1. Could you sort 10-23, 264-277 so that the peptide with the highest average Cβ count within 10 Å comes first and the rest follow in order?
2. Enter the mean projected area of the convex hull around the alpha-carbon atoms of segment 633-772, in nm², rounded to one decimal.
3. Near LYS438, which lysines are there with a Cα under 20 Å away, not counting those fewer than 8 places off in the same chain?
4. Using the crude model of +1 on Lys and Arg Cβ and -1 on Asp and Glu Cβ, and no other charge, please compute the dipole size for the chain relative to its Cα centre, in debye to 20.
5. Of all the C-alpha pairs in the chain, what % are more than 46 Å from each other?
6. Name the residues whose placed amide hydrogens come within less than 5 Å of the amide hydrogen of VAL718, ignoring near sequence neighbours (fewer than 5 apart) on the same chain.
7. Evaluate the distance, in nm, between pseudo-label points positioned 7 Å from the Cα of ASP51 and of TRP621 along their respective Cα→Cβ axes.
8. In whole Å, what is the distance between the alpha-carbon centres of segment 535-563 and segment 625-689?
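The values are calculated or read from the model by the stated rules, or taken from the named source; none is laboratory data. Only a predicted model underlies this, so the values are computations on that prediction, with no experimental measurement involved. A quick note on method: Cβ atoms are made from the backbone with ideal geometry, for glycine too, and the neighbour counts reach across all protein chains shown. We work out accessible area using only protein heavy atoms, side chains counted, and drop any ligands, DNA or RNA first. Shrake-Rupley method; radii C 1.70, N 1.55, O 1.52, S 1.80 Å.
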Amino acid sequence: MPHIVGLEEVSETDLPLVGGKASKLGELVRRGLPIPPGIVVTTELYQDFVDGTDLRTEIPAALAEVDAADPKSVERASQRIRSAFEGSEFPSAMRTEIVAALEAYVAQNDVIFSAVRSSATAEDLEEASFAGLQDTYLNVRGTEAVLRDIRRCWGSLFTPRVLVYRARKGFDHSKVRLAVLIMKMVNSTASGILFTRDPNSGENHMIIEAGWGLGELIVGGEVTPDHYVVDGATLKVVHKKISEQSVRLVRNPDGGNVREPVPESDRAREKLPDDALHRLVSLARLIESHYRRPMDIEWCMDGTTLYIVQARPLTALPPPPAVPPGAAAPRSAPETDPEGLLLKGLGAAPGVAAGKVRLLLNVQENSALQAGEVLVSTMTTPDMVPAMARSAAIVTDEGGMTCHAAIVSRELGIPCVVGTRTATKVLHDGQEVSVEGKMGAVYAGLGRGQKKAAAPVAAVAADHSSVPVTATRILVNVSVPEKAAEYAQLPVQGVGLLRIEFIFTAHVREHPLYLIQQGRGKELVQRLADGIAQVCRAFHPRPVIVRTSDFKTNEYSGMPGGKEFEPPEENPMIGWRGCSRYISPEYRPAFLLELEAIHKVRTEMGLRNAHVMLPFVRNTWELEQIAEMFQEKGLRRSRDFKLYLMAEVPSTVLLAREFSKHCDGFSIGSNDLTQLVLGADRDSETLARLGYFDERDPAVLRAIELLIDGAHAEGRTVGICGQGPSVYPEFAEFLVRAGIDSISLNADTVVSTTRAIAALEQKMKLDGLRKA
C-alpha cells in the first residue's frame, strides 16, 4: 500500500487509505471541480510510524488507563499520547520519502503555503462527521513545519473530545487511523460554509454563510457572517442578510495566521457578489447530485476565484415537511436513523407506497415477489415486467429518468425510485419500507405509505364525462395486457403503443430462438397472439398499434435460453436492435413468428383493429426487406391495416419524405430521439441530473418540426408515444402547435393532459379568429 498519493489519484473507495476528507475531495477533483492541488500522507504511513516508534506500546498503555466516568483520566491519556507523537522523530527512510514527495508537490504546483489537514478513516461519514474534532493547520510554510504538523495531526486523533465522541459513536480506538492531507493554501479573501439542505428544518433550501478572510472566525462564532437562503429547486435567493464585519483572519507572511481590522470600506459590504453566489450554488448542486445526499460544504475565494475545500454529508438532518401543517404522518425508523431516510435517488414515477422488500437480482427470482411487495433490483429489465406489475413500488441501484424501470413504472402507475446506487446493499428481504416516488426517497417503516395515494386509473376513467373532445387524437400506452380492460375505460381513441416485448416477458418468458430450437414455434405464436388479442378485445373497435419487439442484446440475453443467441455488445442501446435484428439471418425466423402471431389475431381471431409499428428504423433499404417478410405472412398495407414507423433515429427525421413512401405514418419515440439528437445516454443518471437529457431541448424540438413538416408533405400522419407529453405539459403544448396528429399518453395522465390540450386548441382557435 502506498505511503503518499496525489489527491487527484484517490476516490471514495480509498477511504481506508486516505480518510474521509481526502477521499471525498479526491472524488470531486475527478469530477473537475475547483479543488486546490494536494498530496495525502496515507494511513499506511501513519501505521508504519506508530509501529516503528515507541507509540506502538504507548498508545494502548495510555488508553488502558481511561475510565469513561472520569474525565480527568481521558485528559491524562490524551496528553500522554499527543506528547508521544510530537516527541517522536520520523525514521530516516520515512523522512526521506516524505520530504521527496513534498518537494515534488511544491515544485509542480508553485506552493509556498500549505494547509495540513487531518483525514481520519472515521471522519466525514454520513452517521458521524467528526467535524472540527481533529486538527488542521493553515498557512504552513517550509518543509520542517509541514513535518511537525503531520505529527500534530496524528496526535489530534487522541484529543479528549475525539476520544469521547468516538466512544459515543461506537468506534474502536485501536482501529481508527489517520491520514494527513497537504493542500496548496488558498489566500482567502472570503470564505464560508454551505448546507445544501436547511439543517434546522430539512427543507429544500441551501443555506450559505460568508465572511471576510479565513473561515475559522465564522466556525468559532467570533464574527456574524452574511447569510443567504437559496431555493433548492429554482436556485433563486429567497433571503439575504448582510452583516458588518470588523475583524478578519488572514495569512501571516512568515507562516500561520494573523488577525487584522477589516478596512472601513469593506465592513458592511456584501462578501459574495451575485455571480460568485451563483457559481457557488451551482457547484453545490453538482456535489449533492454526485453524493446523492445533503452535503455540508466549505468554500473559499481568492479574489474572484472560487474553491471547494471540504465536502461531507450533512448529519443530524431533520425530515422535511411531508404533510400540511397540523397534519401528522406516522412513520417508524430504526434507532440509528431517527429521520427514517434510508436511500435517496431519482424520483422516476410519482406516488407513495409501502411494503416488504423483495430483492430480485435476476429474472429467475421473479416468482419470489409477492403482490404488494417492494421490488428492489440493480436495474429492471423487460423480463421483470410481470413482477413489476405485482409490486407496490420499485427501487433500483442504477438508471435515469428514462430507464426501463422509470418508463414501465410510470405506465403502470407504480411509485419508482431509480439510481440510488446502493439499494441492493442497504435493503434486505422482508424489511418494511415506504417509497416516495416523486421525492426519490425510501424510508424505514410502513408509516409514510399510509398516506393517500393517487387515484387508480379505473377510478379516474369512471369520472371522465366532462373530458372535452380534442382535434388531436388522444391514445394510451399499454405495457402489459392485464391492464388493457382497465385502460380501455379511459377517454382515448385507441392504443398508441403496445410493446410486444412486454408480452414476450409476461406471456412467453423464454427467448424466441430458444423456443424455435426446441421445436416450440407454434407455442410462441399462440402465446403472443393471446397477449395481443387481450388488448385488442378490450379496445375493439378502436385501433391498437402493436410495436414489434425492440429487445436489446443485454435484455434478450437475460431471458431463459437467451445467452446462446445474444452476442456481447459494448453499447446495446445503438446495437443489434429493432429492424436490424429482423433482417439478420440469425433472428429472421423469430420475427416471422411475430408477424404470424399478428396475422393470427387479425384473421383467425377477427380482431382487425391490430396494426403494426416498426421500432428503431435506420434505413429505407431495410424496410424493403421487411415488406417482403410481411407479404410472406399475409400482411399487406391497406385501408384497415396500417404500418407505422418509430421516429427515433435522426435519419428518419432528415429523410422523412423518403421514409414516408414505406409507411402510413410515424410515431415519435421521444426518449431515443432525444438521446440520439443530443448524444446523451438516456440511462445515464449523471447526465440526467446535469440536465443533458431533455425532450424540450431546442435541437429535439427542431427535429420534431422537421419530421412533421416532411411527413405531412407526403400525406402521412405523425404521433408521439414517448414519455415527454406525459411528463411535461409544455412539451405537449409544443406538439399541438407544431401540428402533431396524435399523442399517446401514460394512463394516469390521460384526463389531465386531454383537458390541457383541449384548452390549448380552443385558445389557438380564438387567436386565429382574432387575427382574421
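1. The densest-packed peptide leads the list: 10-23, 264-277.
2. Over every viewing direction, the Cα hull of segment 633-772 projects on average to 10.7 nm².
3. LYS344, LYS356, LYS451, LYS452
4. 2180
5. On the way: 107761 of 297606 pairs.
Value for the chain (Cα pairs over 46 Å): 36 percent.
6. Here the answer is PHE666, ASP741, SER742, since their amide H atoms fall under 5 Å of that of VAL718.
7. 6.6
8. 16
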